[in-house]
Amino acid sequence: NAGVTQTPKFRVLKTGQSMTLLCAQDMNHEYMYWYRQDPGMGLRLIHYSVGEGTTAKGEVPDGYNVSRLKKQNFLLGLESAAPSQTSVYFCASSYGDGAYNEQFFGPGTRLTVL
Amino acid sequence: GQQVMQIPQYQHVQEGEDFTTYCNSSTTLSNIQWYKQRPGGHPVFLIQLVKSGEVKKQKRLTFQFGEAKKNSSLHITATQTTDVGTYFCAVLSYNTDKLIFGTGTRLQVFP
């Protein structure tokens, strides 16, 4: 089992460009999450999904959109990237609600917006 | 608003010394989770505590949940270089009903 995978691993964007980060999990988990991690700030929840076809906002959703068309995939989109979105992005999944169950994290995507 | 404070921010220890990190909340918690992130790596789940006063052990790691369920600690006995990393606590947010993570304690172990 690959667990949780993320593509790409690294990306550099110019301000205003768009991109999509892909997260895939092969554990048949219902719940999936997108976090961003900035120095000294821990992880902050951007959006999450409790099942195929559903999405919801987390702590810091502005500037991001998500989609969960297939149970195993969770996409994070940046429509018009800004330097403030320079960060490391982690995807995670859990069998039950991650607030009460172990979350499995992907290896992360390091994004730089110039 | 809800606050989750972790102290200390950084800790440097000599290999073999003990280490403790604390997680303090402004509100009573239903549960708390602990994660470890190695340098350049991703967070990895360590444990979840649910009951008041609960103590759980994993080899050299001891996790404790406070009696009032407002704080928790992670203690490592006789640190090793493999313990290097950042330790995060995570608690339930009353705004989103999802986890919020503390700012973490970065542990450096010198051989």
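Within straight cross-link reach of B:Lys51, meaning Cα distance under 12 Å, which aspartates and glutamates are found once same-chain residues fewer than 8 apart are removed?
Excluding near neighbours in sequence, the set is B:Glu67.
Run the reach check for A:Lys14 against lysines, Cα to Cα strictly under 29 Å, same-chain hits fewer than 8 apart removed. What comes back?
A:Lys57
Is there a simple number for the mean count of other chain Cβ atoms within 10 Å of the Cβ of residues in A:29-38, and what is it?
On the way: counts 0, 0, 1, 0, 2, 0, 3, 0, 7, 0.
Partner-chain Cβ atoms within 10 Å, mean over residues of A:29-38: 1.
What is the distance in Å between the Cα centres of segment A:24-65 and segment B:52-68?
Using only Cα atoms, the two centres lie 28 Å from each other.
Evaluate Rg over Rh across the protein assembly as shown, taking Cα atoms for both radii and Kirkwood's formula for Rh.
Working: Rg = 17.6 Å, Rh = 18.0 Å.
When Rh is taken as the Kirkwood radius, the ratio is 0.97.
Can you tell me the accessible area per residue over chain B, all protein chains present, probe 1.4 angstrom, in square angstrom?
Each residue of chain B exposes 49 Å² on average to a 1.4 Å probe.
Roughly how crowded by other chains is peptide A:104-111, in terms of the mean Cβ count from those chains within 10 Å of each of its Cβ atoms?
Working: counts 4, 7, 1, 3, 5, 0, 1, 0.
Counting Cβ atoms of other protein chains within 10 Å of each residue's Cβ and averaging gives 3.
Per-residue counts of other Cβ atoms within 10 Å, averaged by peptide: what ranking do you get for A:41-51, A:68-78, B:44-54, A:12-22, highest first? Display every interim value, and only then the final one.
Details: A:41-51: 20.3, A:68-78: 17.4, B:44-54: 15.5, A:12-22: 13.6.
Put in order of decreasing packing, that is A:41-51, A:68-78, B:44-54, A:12-22.
Does chain B classify as rounded, prolate or oblate by the C-alpha gyration tensor (a ≥ b ≥ c root eigenvalues; a/c under 1.5 gives rounded; else a/b over b/c gives prolate, otherwise oblate)?
On the way: a/c = 2.04, a/b = 1.59, b/c = 1.29.
Prolate.
Please give the charge dipole size of chain A, origin at the Cα centre, charges +1 on K and R Cβ atoms and -1 on D and E Cβ atoms. Round to the nearest 20 debye.
Details: 10 positive and 9 negative charges, 79 e Å.
The dipole magnitude comes to about 380 debye.
Across peptide B:12-23, how many C-beta atoms of other chains are within 10 Å of each residue C-beta, on average? Display every interim value, and only then the final one.
Working: counts 0, 0, 0, 0, 0, 0, 0, 0, 0, 0, 0, 0.
Going residue by residue through B:12-23 and averaging, the value is 0.
Within segment B:11-111, what whole-number % of the accessible surface is contributed by carbon and sulfur, with the 1.4 Å probe and all protein chains included in the calculation?
Values: 2310 of 4650 Å².
Roughly 50 percent of what the probe reaches on segment B:11-111 is carbon or sulfur.
Mean separation of Cα pairs under 8 Å and 6+ residues apart, divided by the residue count of segment B:28-87: what relative contact order is that in percent? Before the final figure, lay out each step's value.
Details: 103 pairs, mean separation 19.5, N = 60.
33 percent.
With unit charges on the beta carbons (Lys and Arg positive, Asp and Glu negative) and the dipole taken about the Cα centre of the protein assembly as shown, which residue among B:Tyr87, A:Tyr64, B:Gly16 sits farthest to the positive side?
Sorting the options by dipole projection puts first A:Tyr64.
The values are calculated or read from the model by the stated rules, or taken from the named source; none is laboratory data. What you are looking at is a predicted structure, and each value in this text was computed from that prediction instead of being measured. Note that we place each Cβ from the backbone using ideal geometry, even for glycine, and neighbour counts take in every protein chain shown. Note: areas computed on protein heavy atoms with side chains; ligands, DNA, RNA excluded. Shrake-Rupley method; radii C 1.70, N 1.55, O 1.52, S 1.80 Å.
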